[in-house]
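Every number in this text was worked out from the coordinates using simple rules, so none of it is lab data. It should be emphasised that the depicted structure is a prediction, and the values quoted were computed from it without experimental measurement. We place every Cβ from the backbone using ideal geometry, glycine too, and count neighbours over all the protein chains shown.
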Amino acid sequence: MKHVNIYTDGACRGNPGIGGWGAILVYNGHEKELSGGETCTTNNRMELTAAIRALEVLKEPCAVTLTSDSRYLVDGVTRGWAASWRARGWIKGDKTPALNPDLWGQLLDLLEKHKVEFVWVHGHAGHPYNERCDALATAYADSLKR
């Protein structure tokens, strides 16, 4: 199984507001940058979208190390929250609706295809790929303001 490193970030100008996401895939010495955005979204939706779009690019099942500065994304998977929400019909433990079930569902489906290890890093702390993903995400968000 091929091993791919994925780095992701999301950004939002207002929350909700204009948002962007950025992702970098690193495999065998090659890098692929991805970015996109929406005119009315939230930061958490952009964080999830970055991970989804990066995993969707993979053409075969892969071992992935996905690095993000989003606790929402990383904890949602590693602590089993998203899987529990889906099992309960997108209802959280406190009986309130889970946010972003459409994106969580897409992500959980992709995690069934790929073997993904999630790694959390501090945002804006000098991690080169995290900083680059932030630049991709904010540039895309800013391009939508025009």
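Collect the residues in segment 19-34 that are within 23 Å of D142 (Cα to Cα) and surrounded by 15 or more Cβ atoms within 10 Å (Cβ to Cβ), keeping them in residue-number order. Step through it out loud before you land on a result.
Taking segment 19-34 as the starting set, the residues that turn out to be within 23 Å of D142 (Cα to Cα) are 19-25, 32-34.
If the condition is that a residue be within 23 Å of D142 (Cα to Cα) and surrounded by 15 or more Cβ atoms within 10 Å (Cβ to Cβ), then G19, G20, W21, G22, A23, I24, L25, L34 are the ones that fit.
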Is there a residue in segment 19-26 that is over 14 Å from the mean Cα position of the chain (by Cα), assigned to a strand (DSSP E or B) and under 17 Å from E131 (Cα atoms)? yes
Out of the residues in segment 87-118 meeting the condition of being surrounded by 15 or more Cβ atoms within 10 Å (Cβ to Cβ) and under 14 Å from L66 (Cβ atoms), tell me which one is nearest to the chain's Cα centre (by Cα). L107
Filter result (in contact with a Leu (Cβ under 9 Å, 6 or more places away or on another chain) and either in contact (Cβ under 8 Å) with a residue 24 or more places away in the chain or among the polar types (S, T, N, Q) (or both)) within segment 86-118: N100, L103, W104, Q106, L107, L110, L111, K113, H114, V116, E117, F118
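Going through D9, D69 one at a time, which residue ends up being touching a His at 6+ places or on another chain (Cβ under 7 Å), closer than 18 Å to E131 by Cα and surrounded by 14 or more Cβ atoms within 10 Å (Cβ to Cβ)? Give the derivation first.
Numbers: D9 fails: touching a His at 6+ places or on another chain (Cβ under 7 Å).
Result: D69 is the single residue among D9, D69 that is touching a His at 6+ places or on another chain (Cβ under 7 Å), closer than 18 Å to E131 by Cα and surrounded by 14 or more Cβ atoms within 10 Å (Cβ to Cβ).
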Testing A63 on (1) touching a strand residue (DSSP E or B) at 6+ places or on another chain (Cβ under 7 Å); (2) closer than 25 Å to A135 by Cβ; (3) in contact (Cβ under 8 Å) with a residue 60 or more places away in the chain; (4) not hydroxyl-bearing (S, T, Y), one condition comes back false. Which one is that? (2)
